[in-house]
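Contents: one structure, followed by commentary.
The values are calculated or read from the model by the stated rules, or taken from the named source; none is laboratory data. Here the structure is a predicted model, which means the values were calculated and not measured. Cβ coordinates were reconstructed from backbone atoms using ideal geometry, including for glycine residues, and neighbour counts include every protein chain displayed. Accessible surface is based on the protein model in full, side chains and every heavy atom, while ligands, DNA and RNA are left aside. Shrake-Rupley method; radii C 1.70, N 1.55, O 1.52, S 1.80 Å.
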Amino acid sequence: MINLKEFEVWFVTGSQHLYGEETLRKVAEHSTTIAASLNDAKQIPVRVVFKPTVKTTEEIYSICMEANTAKNCIGIVAWMHTFSPAKMWIGGLKILQKPLCHLHTQYNRDIPWNDIDMNFMNLNQSAHGDREFGFMVSRMRMNRKVVVGHWQDPEVLEELNTWARAAAGWNDWQGAKFVRFGDNMRYVAVTDGDKVEAEFKFGYAVNTHGIGDLVQVINQTSDAAIDTLIEEYETAYTLVPSLQKGGAQYNSLRDAAKIEIGLRTFLEAGNYKGFTDTFEDLHGMAQLPGIAAQRLMASGYGFAGEGDWKTAALVRAMKVMGSGLPGGNSFMEDYTYHFDPANPMVLGSHMLEICPSIAHGKPSCQIHPLGIGGKADPVRLVFNAAAGPALNASLIDMGNRFRLLVNEVEAVAPLHDLPKLPVARVLWKPYPDMKTGCAAWILAGGAHHTGYSQNLTAQHLQDFADMAGIEFTLIGKDTSLYQFKNELRWNEVFYQINK
Ligand code: MN
């Protein structure tokens, strides 16, 4: 779906003319080797492109300017092999609009104990050269990632992997378009927010279309296209008998396929990266999009229900960040609790729309009545999600800022069959424990809607929030309510002052 190898991060090495040609030749040789090695590393999902050593204010400004306008460049990895006086960096950093990662490394892993002399010392100075650079970035109050260690260290590669994935998600939002069919679900607060501020802060636009615009496209769908999609359903899922050819509700399956084709056509024609709809506004549609929303998510589109454009955009970014990793990302909602003190858990689900990328095993394609919306019974995919580490992320509008809230969870295999539950579902245990996790979430104002991920870590989302320049709060294994409440209070002051 999304090929991260289309994207580049630029490897930029800083130095100065003080050292003479011979040293600068060595610097170039070393940084070429490091960039090539990062580019070839299987842990790095994007291309790493070597850029010639920058040695002057003008060269630094130029490379930053170039990075800003290069379409495929999603960020800069900077490294000061030697000492690069940081006043030279002010002009460039001031205009840099792409994410910055400071790789604090050096060419040699070990000190060559027997051979080390002053020539070696003068060449390999990043231990202090990088500090001069770090001061300037801090002095300019710029968010950036700092990765420390030898460039062949697997942990360093993993940190660069995480940062590059966050940068790809961030890049994807720039200029992105999301469509909202109808308005927000009436009276709901947390799913709404300031779309003007979101476009300014995040770079994506959310615009509305009346449901009639979509219905018109749906109604143009050919029977042949529906036949082809039904064949795909038959291969990919286990259809309940009533939905099979000749079954009593086969026509509902055809209606669902028609909706999927129409939605996909609409999204492709408008170059949209995701959408949101609401069961309160379905005029002219046979049923609420269930399987359509599920399968569009599996194709990489962002989605959230009830007009929740923030979560739709977040789900899209999470899908880009997780691209190529095992496991999936989905729209999710904390639905109901299991308060057994010995084994407390959350049952996550939605009315219909959970992405099959998180399914464990082959989904079953079913049809059941929906108590709300007043439309025909919607077709949906029903499945359990895989057990293992996961997280929920929620992007909320606090009025003076956006907050990205993450709760690390452990998904567990279902204890029981749930034979009467007609929707896809996940069971998880929030960290640090059920009561603390849920209390912290509520204190932070986290939404009931989230992006649920099996393949991203809190670090991906923290790097992402830093790129966006928004608040990031984590509920994880070490969270204590005392500390968390203070963090929220202190952040309140920070974001009032730091406007
Ligand atoms: Mn909902």
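So the values come out like this:
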item: Yes/no for ASP227 being at pLDDT 95 or above, loosely packed, with under 15 Cβ neighbours inside 10 Å and on the phi < 0 side of the Ramachandran plot; result: yes
item: Pair list, Cβ under 6 Å, 6 or more apart: the range 104-116 residue open to solvent by 80 Å² or more (accessible area, probe 1.4 Å), other residue at pLDDT 95 or above; result: ARG109/HIS150
item: Residue match in the range 452-473 (condition: under 14 Å from the mean Cα position of the chain (by Cα), β-branched (Val, Ile, Thr), over 21 Å from ASN343 (Cα atoms) and within 16 Å of the ligand (Cβ to nearest atom)); result: no
item: Subset tally (residues that are open to solvent by less than 20 Å² (accessible area, probe 1.4 Å) and assigned to a helix (DSSP H, G or I)) for the range 128-164; result: 13
item: Residue identified as at pLDDT below 95 and polar (S, T, N, Q) among THR82, THR13, THR53; result: THR82
item: Hits in the range 267-286 (condition: surrounded by fewer than 20 Cβ atoms within 10 Å (Cβ to Cβ), small (Gly, Ala, Ser) and under 11 Å from VAL179 (Cα atoms)); result: GLY270
item: Selection count, the range 422-432, where residues are without any contact (Cβ under 8 Å) to a residue 60 or more places away in the chain and either open to solvent by less than 50 Å² (accessible area, probe 1.4 Å) or more than 23 Å from the chain's Cα centre (by Cα) (or both); result: 2
item: Options VAL179, VAL217: the member that is at pLDDT 95 or above, open to solvent by less than 70 Å² (accessible area, probe 1.4 Å) and either over 30 Å from ALA393 (Cβ atoms) or over 27 Å from the mean Cα position of the chain (by Cα) (or both); result: VAL217
item: Out of SER394, SER364, sole residue that is crowded, with 24+ Cβ neighbours inside 10 Å and of a type in the set (Ser, Thr, Tyr); result: SER394
item: Subset of the range 319-335 that is away from the ligand (no atom under 13 Å from the Cβ) and of a type in the set (A, V, I, L, M, F, W, C) - its residue that is nearest to GLY305 (Cα to Cα); result: VAL320
item: Selected residue (criterion: nearest to the chain's Cα centre (by Cα)) from residues of the range 296-309 that are away from the ligand (no atom under 16 Å from the Cβ) and open to solvent by less than 20 Å² (accessible area, probe 1.4 Å); result: GLY300
item: Selected residue (criterion: most open to solvent (accessible area, probe 1.4 Å)) from residues of the range 337-352 that are farther than 18 Å from ALA390 by Cα and within 16 Å of the ligand (Cβ to nearest atom); result: MET351
item: Among residues of the range 1-17, those that are part of a helix (DSSP H, G or I), open to solvent by 30 Å² or more (accessible area, probe 1.4 Å) and touching a Ser or Thr at 6+ places or on another chain (Cβ under 8 Å), counted; result: 1
item: Scan of the range 183-195 for residues that are away from the ligand (no atom under 13 Å from the Cβ), of a type outside the set (D, E, K, R) and under 17 Å from PHE275 (Cα atoms), ordered by number; result: GLY193
item: Set ALA312, ALA292: member being surrounded by 23 or more Cβ atoms within 10 Å (Cβ to Cβ) and within 16 Å of the ligand (Cβ to nearest atom); result: ALA312
